[in-house]
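What follows is a short report on a single structure.
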Amino acid sequence: MTIKERREREKEEMRELILSAANDIITAEGFDKLSIRKIAKKIEYSPSIIYHYFNDKEEILNNVMQRGYKKIVTAVSLTKVKGDSPEERLVEMTKNYIKAALDMPEEFIAAQLNQSEIALKHTSSLFKGASKEKPALAALYNCLKEIYKDKKVDANTVELTAQMIAVSTLGLIIKLIIEKDIGDKQRQKLIGYFSEEIVLRIVNEKGSNSKEV
């Protein structure tokens, strides 16, 4: 390994240490309580060292949020199902999203329930046109478009349907995280029923109210 390669590796390791510490603080205390000083204390370095790796606290927050959101996007976008019908993909997409969120409960709750500008930059999804800007919502939107391809459902309605499915899923996730002692069997029943029945009812209700092309 060359000196340059070793320095790059050390730099990435230090960045990872800083981001991990920041994530721990956010999870325990919330976004608003994060500070460069707290991060420095946690990793046992002086605050000035952190500025060698990040410009400011906002850059650290953005990196933490991007890493968490990337896990969700990956879970949704990599969905592959036998038969590959859009309805089957939608069911698996929903299950994968819920699983990804439940794998990082504290991080997910801290991000989704935060009203700071930095957090909302990554988590907001109810504004008009969100399906063009948010990768996870875009994957859901495109799946719905396939389902509605033979129906007269306009783009705005498809996006609204995607948003309603997204917020309904968020509500279930939050309750599953809060009521963590219900047992895995009941948890899986709820996830399965929601994904296979409730989500498809939302989709089919709109489809049944639209005329075929």
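Before moving on, here are some points about what is shown:
- Taking the range 154-165 as the range and being under 19 Å from Ile198 (Cβ atoms) and either open to solvent by less than 30 Å² (accessible area, probe 1.4 Å) or of a type in the set (S, T, N, Q) (or both) as the test, the residues that pass are Thr157, Val158, Thr161, Ala162, Gln163, Ile165.
- Within the range 29-59, being open to solvent by 80 Å² or more (accessible area, probe 1.4 Å) and in contact (Cβ under 8 Å) with a residue 60 or more places away in the chain holds for Asp32, Glu58.
- Looking across the range 132-153, the residues that are under 18 Å from Asn96 (Cβ atoms), in a helix (DSSP H, G or I) and not acidic (Asp, Glu) come down to Pro135, Ala136, Leu137, Ala138, Ala139, Leu140, Tyr141, Asn142, Cys143, Leu144, Ile147.
- Any hit, the range 104-111, residues being in contact (Cβ under 8 Å) with a residue 60 or more places away in the chain, of a type in the set (D, E, K, R) and either surrounded by fewer than 16 Cβ atoms within 10 Å (Cβ to Cβ) or more than 23 Å from Glu13 (Cβ to Cβ) (or both): yes
- Every residue from the range 168-179 that is of a type in the set (D, E, K, R) and either in a helix (DSSP H, G or I) or surrounded by 16 or more Cβ atoms within 10 Å (Cβ to Cβ) (or both): Lys175
- Filter pass, Lys128 being in a loop (DSSP other than H, G, I, E, B), open to solvent by 20 Å² or more (accessible area, probe 1.4 Å) and among the charged types (D, E, K, R): yes
- Of the listed requirements (1) open to solvent by 50 Å² or more (accessible area, probe 1.4 Å); (2) among the β-branched types (Val, Ile, Thr); (3) touching an Asp or Glu at 6+ places or on another chain (Cβ under 9 Å), Val203 misses just one: (1).
- Failed criterion for Ile182 (all others in (1) buried (at least 16 other Cβ atoms within 10 Å of the Cβ); (2) modelled with pLDDT of 95 or more; (3) not in a helix (DSSP H, G or I) hold): (1)
The values are calculated or read from the model by the stated rules, or taken from the named source; none is laboratory data. In this text the structure is predicted, and so the values were computed from the model without any measurement. Backbone-built Cβ (ideal geometry, glycine too); neighbour counts: all protein chains shown. Only protein heavy atoms, including side chains, enter the accessible area calculation; ligands, DNA and RNA are left aside. Shrake-Rupley method; radii C 1.70, N 1.55, O 1.52, S 1.80 Å.
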